[in-house]
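Quick note: the coordinates plus some simple rules give every number you see, no bench work behind them. Model, not experiment: these values are computed from the prediction. Reconstructed Cβ throughout: ideal geometry from the backbone, glycine too, with neighbour counts over all protein chains shown.
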Amino acid sequence: MKIDILTIFPDFFRGPLDYGIVRRARETGLVEINIHDLRAFTKDKHRTVDDRPFGGGEGMVLKPEPIFECLESFGDVESRKVRLSPGAKQSVILLSAQGRRLDQMLAAVLSALDRIVLICGRYEGVDERISEHLADREVSIGDYVLSGGELGAAVIVDTVTRLIPGAVGNQASTQQESFTETRTESFIANVDLAGDGPSSTCVSGGLLDYPHYTRPADFRGMAVPEVLMNGNHDQIRSWRRKTALEKTLRNRPDLLERVALTEEDKELLDQVKLEQIKLAQGFVTEMGKTPFLQKIVSKKSTGTK
Ligand code: SAH
């Protein structure tokens, strides 16, 4: 895969793309990453990349010319129309807080492409003609505003690269992670590359990952769950599924609504919920013993009435 990044801060990428899986993938030629300085595509002596917004208002806007010219200088980027058609193998992505939110499924879709171009915005953003006429999609890395697209581009490179077959030593490990469970090649091939696509992790049917432990078995009195050391693979599998369900229920209950749960999952989830209710009841009983906490509890219960 070839990845080109367009930025006004090329030095930003010294570091983030030079470690671990991404570094190895670059060294072995699985992925080629080129960083392009947008200022090299300006024509005035001040190398101006930004200008004031039409219609007034705060801040500056990245000009369209250097971005168009940089992309055109590659010579091998397909037309926007081709990139938007089914089976496209290239994507020009504008990093934008207004974009479709990146998730594991979008990363999987992108990892199947041959060529990705990432355009990093700055200031108040990028002239809208980039999104309308040059990029084929806008991607956001989360519901918050960054000061530039560079961190987002690094996030996309990282998550996409590790999904390219051969990038991670044990390919199976990328299929058992959070959000990822039953991702299939045929599903990816059928995903609408250009549009909004099916939402997020439904492709993986994914829960969050189960907890991992390593040696020592007892660290300062904090013991590794017994079940992981008894060698009973059936029990370990069931424990892992249950803890994954428990963690998903606690941290990302929204994911549970999209996951296709098996009968066993449903039973395990019922157990988890029951345990939580018992825990909560125990907690209230415990608190009831302490006059100070009793006050808080009674205040809270009257407060909610
Ligand atoms: N005025 C814009 C924010 C501009 S921030 C707005 O309110 O939507 C400057 C640049 O940072 C953007 O052009 C974009 O490239 C990048 N950026 C900001 N937030 C981002 C996010 N959540 N995901 C990806 N890129 C983001």
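The calculated FRET efficiency for SER147 paired with GLN271, based on their beta-carbon distance and R0 = 51 Å, is about 0.65. The label-point distance for LEU30 and HIS233, in a model that sets each label 7 Å from Cα toward Cβ, rounds to 2.6 nm.
Counting 0.36 nm for each residue step from VAL82 to LEU256 and taking away their Cα separation leaves a gain of 59.0 nm. Exposure proxy for VAL126, VAL272: other Cβ atoms within 10 Å of each Cβ, ordered fewest to most, give VAL272, VAL126.
Among SER238, SER131, the ranking by other beta carbons within 10 Å of each residue's beta carbon, starting with the fewest, stands as SER238, SER131. Each residue of region 53-59 is assigned a 3J(HN,Hα), and the resulting list reads x, 4, x, x, x, 6, x Hz, derived from the Karplus form 6.51 cos²θ - 1.76 cosθ + 1.60 (θ = phi - 60°), x at Gly and Pro.
Residues GLU226, GLU246 in ascending order of nearby Cβ atoms (within 10 Å, fewest first): GLU226, GLU246.
Ordering ALA112, PHE13, GLY55 by the projection of their Cα atoms onto the charge dipole of region 5-136, which places +1 on the Cβ of Lys and Arg and -1 on the Cβ of Asp and Glu, puts ALA112 at the extreme positive end. In this label model, HIS212 and GLU177 are separated by 1.0 nm, measuring between points 7 Å along each Cα→Cβ vector. Which entries of LYS2/LYS43; LYS2/LYS89; LYS242/LYS278; LYS2/LYS63 show an alpha-carbon separation above 19 angstrom in the structure shown? As for pairs spanning more than 19 Å Cα to Cα, those are LYS2/LYS43; LYS2/LYS63.
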